[in-house]
1. If I ask for residues that are within 13 Å of Met161 (Cα to Cα), surrounded by 15 or more Cβ atoms within 10 Å (Cβ to Cβ) and not small (Gly, Ala, Ser), which ones from region 123-141 would you list?
2. Does at least one position in region 150-157 carry a residue that is closer than 16 Å to Phe24 by Cα, of a type in the set (A, V, I, L, M, F, W, C) and exposed (fewer than 13 other Cβ atoms within 10 Å of the Cβ)?
3. How many residues does region 27-61 hold that are among the polar types (S, T, N, Q) and either in the same structural domain as Ala159 (by TED's automatic domain parsing) or within 13 Å of Asp14 (Cα to Cα) (or both)?
4. Can you tell me which residue among Arg71, Arg133 is modelled with pLDDT of 95 or more, farther than 30 Å from Ala42 by Cβ and touching an Asp or Glu at 6+ places or on another chain (Cβ under 8 Å)?
5. Being in contact (Cβ under 8 Å) with a residue 24 or more places away in the chain and touching a helix residue (DSSP H, G or I) at 6+ places or on another chain (Cβ under 9 Å) is the requirement here; does Phe47 meet it?
6. Would you call Glu123 farther than 14 Å from Pro75 by Cα and charged (D, E, K, R)?
7. Of Glu120, Glu115, Glu93, Glu111, which residue is exposed (fewer than 11 other Cβ atoms within 10 Å of the Cβ) and either in contact with a helix residue (DSSP H, G or I) (Cβ under 7 Å, 6 or more places away or on another chain) or within 28 Å of Gly23 (Cα to Cα) (or both)?
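The values are calculated or read from the model by the stated rules, or taken from the named source; none is laboratory data. Please read all numbers here as calculations on a predicted model, not as lab measurements. Because the Cβ atoms are built from the backbone with ideal geometry, glycine has one as well, and the counts that use them run over all protein chains shown.
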Amino acid sequence: MESGVEAPSLQDDDFRLFGLPMGFALDRAALDERWKALQRQAHPDRFAAQGTAAQRVAMQWSVRINEAYQRLKDPLKRAAYWCELNGAPIKAESNTAMPTAFLMQQMEWREALEEAAGAEAIEALLEQTQAFRRDSLDQLGRTIDQQRDALAAAQQVRALMFVERFADDLHGRLDRL
């Protein structure tokens, strides 16, 4: 990697690697630009004259940069990562506890899906879930960036994971019609 103020390390967290503040809100254009710059610096072809060991290290950097970019560009993955860094891993497989109101909402959506007679009803349900997702992401952003509450954020991430799976189910149902 090129010399700079402080050389990044493969062990740096994603936010530090990309020179971004650790939080939920981020400037997507700045993230994309930083990703391109890091990829240019780490591209294995730049190290061809230095031999296979240097190219192997460059490839490790390239993989690390891409993994971090994929995590940071997705709001839900970014939030889950932030929670993990702040001592509240998501543990979606083992921690499925949800607030009662959210569980009731899930049941209503599932019932509405079972009763949906056609594409129009499913699309209306999809619009509802997308609106819920937008509102939930806004709340998640406040929980992370303002309240800095990793435990509450982790619960919100788990809820959003349910919402995304349900939206995937809706898309699948629409595709089959």
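1. Thr129, Phe132, Arg133, Leu137, Leu140
2. yes
3. We begin by selecting, within region 27-61, every residue among the polar types (S, T, N, Q); these are 39, 41, 50, 52, 55, 60.
Still in the running and either in the same structural domain as Ala159 (by TED's automatic domain parsing) or within 13 Å of Asp14 (Cα to Cα) (or both): none.
Counting residues in region 27-61 that are among the polar types (S, T, N, Q) and either in the same structural domain as Ala159 (by TED's automatic domain parsing) or within 13 Å of Asp14 (Cα to Cα) (or both) gives 0.
4. On the way: Arg71 fails: farther than 30 Å from Ala42 by Cβ.
Of the residues listed, the single one that is modelled with pLDDT of 95 or more, farther than 30 Å from Ala42 by Cβ and touching an Asp or Glu at 6+ places or on another chain (Cβ under 8 Å) is Arg133.
5. Details: in contact (Cβ under 8 Å) with a residue 24 or more places away in the chain: no; touching a helix residue (DSSP H, G or I) at 6+ places or on another chain (Cβ under 9 Å): yes.
No: the conditions fail for Phe47.
6. On the way: farther than 14 Å from Pro75 by Cα: yes; charged (D, E, K, R): yes.
Taking the combined requirement at face value, the residue satisfies it.
7. It is Glu93.
Yes/no per residue for (1) among the hydrophobic types (A, V, I, L, M, F, W, C); (2) within 24 Å of Arg40 (Cβ to Cβ); (3) in the same structural domain as Lys36 (by TED's automatic domain parsing):
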{"residue": "Glu67", "(1), (2), (3)": "no, yes, yes"}
{"residue": "Ala79", "(1), (2), (3)": "yes, no, no"}
{"residue": "Glu84", "(1), (2), (3)": "no, no, no"}
{"residue": "Glu93", "(1), (2), (3)": "no, no, no"}
{"residue": "Met104", "(1), (2), (3)": "yes, no, no"}
